[in-house]
1. When both residues are 6+ apart or on different chains and their Cβ atoms are under 6 Å apart, which pairs have a first residue that lies in segment 200-214 and is under 12 Å from Lys61 (Cα atoms) and free of Cβ contacts under 8 Å to residues at least 60 places away in the same chain, and a second that is of a type outside the set (A, V, I, L, M) and open to solvent by less than 60 Å² (accessible area, probe 1.4 Å)?
2. Considering only residues that are acidic (Asp, Glu) and farther than 13 Å from Asn575 by Cα, look in segment 496-542 and name the one that is modelled with the highest pLDDT.
3. Within the set of pairs 6 or more residues apart or between chains, which connect a residue that is without any contact (Cβ under 8 Å) to a residue 12 or more places away in the chain and part of a helix (DSSP H, G or I) inside segment 147-161 to a residue that is of a type outside the set (S, T, N, Q) and open to solvent by less than 50 Å² (accessible area, probe 1.4 Å) with Cβ atoms less than 9 Å apart?
4. Give me the pairs: first residue in segment 50-79 and within 13 Å of Leu208 (Cα to Cα), second residue hydrophobic (A, V, I, L, M, F, W, C) and open to solvent by 70 Å² or more (accessible area, probe 1.4 Å), beta-carbon distance under 9 Å, and six or more apart or on different chains, which are they?
5. Filter segment 84-129 down to the residues that are modelled with pLDDT of 80 or more, of a type in the set (Val, Ile, Thr) and in a loop (DSSP other than H, G, I, E, B) and list them by number.
6. I'd like the full set of residues that are outside any strand (DSSP E or B) and either closer than 12 Å to Ile514 by Cα or at pLDDT below 80 (or both), limited to segment 562-587.
7. Output the residues belonging to segment 41-57 that are out of contact with any helix residue (DSSP H, G or I) (no Cβ under 9 Å at 6 or more places or on another chain) and of a type outside the set (A, V, I, L, M, F, W, C).
8. Looking only at strands (runs of 3 or more DSSP E) that lie completely in segment 409-517, which have at least 2 residues being open to solvent by 50 Å² or more (accessible area, probe 1.4 Å)?
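The values are calculated or read from the model by the stated rules, or taken from the named source; none is laboratory data. Given the structure is predicted, the values throughout are model-derived calculations rather than measurements. Because the Cβ atoms are built from the backbone with ideal geometry, glycine has one as well, and the counts that use them run over all protein chains shown. When the accessible area is computed, the model is the full protein with side chains, heavy atoms only, and any ligands, DNA or RNA have been set aside. Shrake-Rupley method; radii C 1.70, N 1.55, O 1.52, S 1.80 Å.
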Amino acid sequence: MKKRLKTFLYSMSFQKRLLLLSILLLIIPTSIMSVLLFINIRDSTFEITNNASQQTLAMIKENFSKVIDNSTLSLQFILSDKSLKTTVMSYNKNETPDIRVLSDSEKVLRNLQLINSVRSLQIFVFPSHGDETLTTETSEAVLITNILKEKSEHILQERILNSRELITLTPADSQIERNYLVLSSIMYDFTATDHIGVAFILIDVEQLCRMYFSSVNTETIYSLLSADGDVLYSSQDSDLTYEGLDFHKPIDGLQLNSNKKIYLLNTHELEFGDLIIAQATPYHIVTQKLREQILDSALILFIPLALFIWILLIMIRQITNPLIKLTHLMDTYRAGNREVYFHTQYNDEIALLGNTFNQMVKTQNELMNQIKIEEHEKNELQLEVLMSQINPHFLLNTINSMQVLANLNGVESISQMAGSLCHLLDFSLYTKEEIITLSDELSIVEDYVKIQQFRFGADVKFIYQIAPETTQLQVPKMIIQPLVENSLEHAFDWNDKEKQITIRSQLYEDTFTISVSDSGNRFSHEKFQAILHDQSQKGKFNGIGLRNVHERIKLNFGSPYGLTYDSLSECTTININLPPVRNQASADLGAMYD
């Protein structure tokens, strides 16, 4: 997989890779930012929904409290009304109340019911003695009266001054259970010493909830629950259950799973009757709000992102198009068209690259023209060399004929000199190897020395001090002969009695040294340096001089090697410094120089 991805990336153009990299660098932080934004929107949506639910529940709780407070005030008014007290006291004495007083009492009860403007409000007053009852209701009166009668006896017996409780009743003409919130208090006589009865106010829970359980979204479920989680009233018919929940503390934003549906549950505890009001918002309503906010945020986020990508594409093209143009010019130049030039209107790194390409093309064209000129000169030189080889070849054949003639006439000295000269010319003209062994190089030097001895006789003495382990080390050809020639030409005054040239070789740890010393001591260091740095200084044999030897050694083995100069009071020495490179294929011929 990694190899395929690498192959795919390498197969893409630079423009596409740059675009892909830019998009990735843009998408990764954008994705992270989108995830963080989604989490923030989700949390804020749930928080807003929970806050709205809590505010709605707080408002419903406040409305419920107002109803209870108004009912409590009504109860207190009943307990203090003179006509009601007079009527109750008459019933306690088994006397018939005065018609006007009884009418005033019933009027007071009806007015209280109207003042509270709550149709669910029912008022009952039970004297402590007798079976008479003062009430605002006619329906359900029998069942409710009997139940409240029993409660009034219990309240009087236990002397419960004030109480609030929830009771469940089943009317006689219906099988539907109805829940009532009951407020009760003991009624005392005018002296406030003896109790004369009990007053009750009943609030129908269902009608009360219908008045205040309203929602902007009809799918939201409002419920009135008991402390055990039993549903006393629900704003909608649903299969929502509250089993397993702890209502002893408020619930804020709980995700409730009920019958394969998810709700967001919030609760508030009422201050009376151990009642709980709950709001269950279907989860899809919350997620719908979340989707709307995400869509709005996505538009806010991705419109600038699309604009940024469009600007990025323009910038990438401005960067890559000159590079593509430069690449096309390179292909054109490689195909053979040398007249190419990169034009740009910018002054940036790409312009610098283009100018470098233009300079490279100019330099390359100049080099190619120079090469053509050098090739032409080389061809002319090769022709001259071929022409010049005619005379040395003729000279070699002539010398061979002289050697044969000397042998026929018994002139041994001429025969030897001619043989040495033939060997020297043959090696110089026809040996193709540039690198030879020291033993081969010394054989050429010996031929040259023999020729010079015919010239100088016994005036010049040649001494060889060759270390046996150096004979098979590799050297450039014709590097010792120029040094010997230099000593013969520049070192001696021919009136000197002793003329000696010594050729030595010595192997050190990382250097192989060949030295040529002469006893003339007339070749100065200044002249040595002038020869090395002046191409016009050449030896007389084959045009090979000290500078040529020095440059060939550096060319073959590097700058640490070459010629050096030593001068003592008794002699002058030129050293040839070489790396110790051994010819493995050659035999050891060192013994011949012992």
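1. Cys209/Tyr233
2. Asp510
3. Matching pairs, first to second residue: Glu153/Phe126; Glu153/Val198.
4. If the second residue must be hydrophobic (A, V, I, L, M, F, W, C) and open to solvent by 70 Å² or more (accessible area, probe 1.4 Å), the pairs left are Asn63/Met211; Val67/Met211.
5. Thr96
6. Leu568, Ser569, Glu570, Pro579, Pro580, Asn583, Gln584, Ala585, Ser586, Ala587
7. Of everything in segment 41-57, those that are out of contact with any helix residue (DSSP H, G or I) (no Cβ under 9 Å at 6 or more places or on another chain) and of a type outside the set (A, V, I, L, M, F, W, C) turn out to be Asp43, Glu47, Asn50, Asn51, Ser53, Gln54, Gln55, Thr56.
8. Where strands (runs of 3 or more DSSP E) fall fully within segment 409-517 and carry at least 2 residues being open to solvent by 50 Å² or more (accessible area, probe 1.4 Å), they are 460-466, 499-507.
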